[in-house]
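Working notes for the structure below.
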Amino acid sequence: ETRPWFFSVFGYSWLAISFAVLLGASLDVRGPISAVLTSPLLTFLGKRCYGLYLWHVLVAGFVTRGLHSLQVGFIAHALLWLGVLVIVASVSWLLFEEPILRFKRFLPYLQRQPGQLEPNRAALPAPA
């Protein structure tokens, strides 16, 4: 009810195509494309992408409910939703995701050889 018909018809296809192009462009690139893909904005959003995914429906529900009586248009609704979503995802990153990721140091990465089912246990450090 808050989306214009053209977004429902063309918007999701445009998003899918743009992400496919982004994925293709990010595979082993150098030069200006690499500079764009490693920009601070995309790095910022990339660190918070799980939070963006996790919270987007809940935040959309709260924003829709909060703006229901104001009768704002799609653009205002989308901008407020994206703003609140980035804030919530950033708080999620700082309070939950980043501290949890610090535990990775206790789980060493073991590179597997092709065809190997289990990691090489001999490569593990001896227990202290």
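The values are calculated or read from the model by the stated rules, or taken from the named source; none is laboratory data. Model, not experiment: these values are computed from the prediction. Note: ideal-geometry Cβ built from the backbone for every residue, glycine included; neighbour counts use all protein chains shown. Just so you know, the surface numbers come from the protein's heavy atoms only, side chains and all, with ligands and any DNA or RNA stripped out. Shrake-Rupley method; radii C 1.70, N 1.55, O 1.52, S 1.80 Å.
See the values below:
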{"item": "Helix-only [θ]222 nm of the chain, DSSP H runs n ≥ 4, -39500 (n - 2.57) each, per residue, nearest 500", "result": "-17000 deg cm²/dmol"}
{"item": "Efficiency of FRET between residue 80 and residue 28 - r from beta-carbon atoms, R0 41 angstrom, step 0.05", "result": "0.60"}
{"item": "Surface/4 estimate of mean projected area, convex hull on alpha-carbon atoms of the chain, nm²", "result": "12.9 nm²"}
{"item": "Mean accessible surface per residue for the range 5-80, computed with a 1.4 Å probe while every protein chain stays in place, in Å²", "result": "78 Å²"}
{"item": "Percent carbon-and-sulfur accessible area, the chain, ignoring ligands, DNA and RNA, probe 1.4 Å", "result": "71 percent"}
{"item": "Ratio Rg/Rh, restricted to the range 1-61 and using Cα atoms, in which Rh is the Kirkwood radius", "result": "1.06"}
{"item": "Lys/Arg +1, Asp/Glu -1 at C-beta; the chain dipole; positive extreme among 94, 109, 9", "result": "109"}
{"item": "Electrostatic dipole magnitude of the chain [Cβ: Lys, Arg +1; Asp, Glu -1; Cα centre; debye, to 20]", "result": "300 debye"}
{"item": "Neighbour count of at most 15 Cβ within 10 Å plus DSSP loop: longest trypsin sites (Lys or Arg not before Pro)-free window in the chain", "result": "31-111"}
{"item": "Mean separation of Cα contacts under 8 Å (6+ apart) over length of the range 28-113, as relative contact order %", "result": "36 percent"}
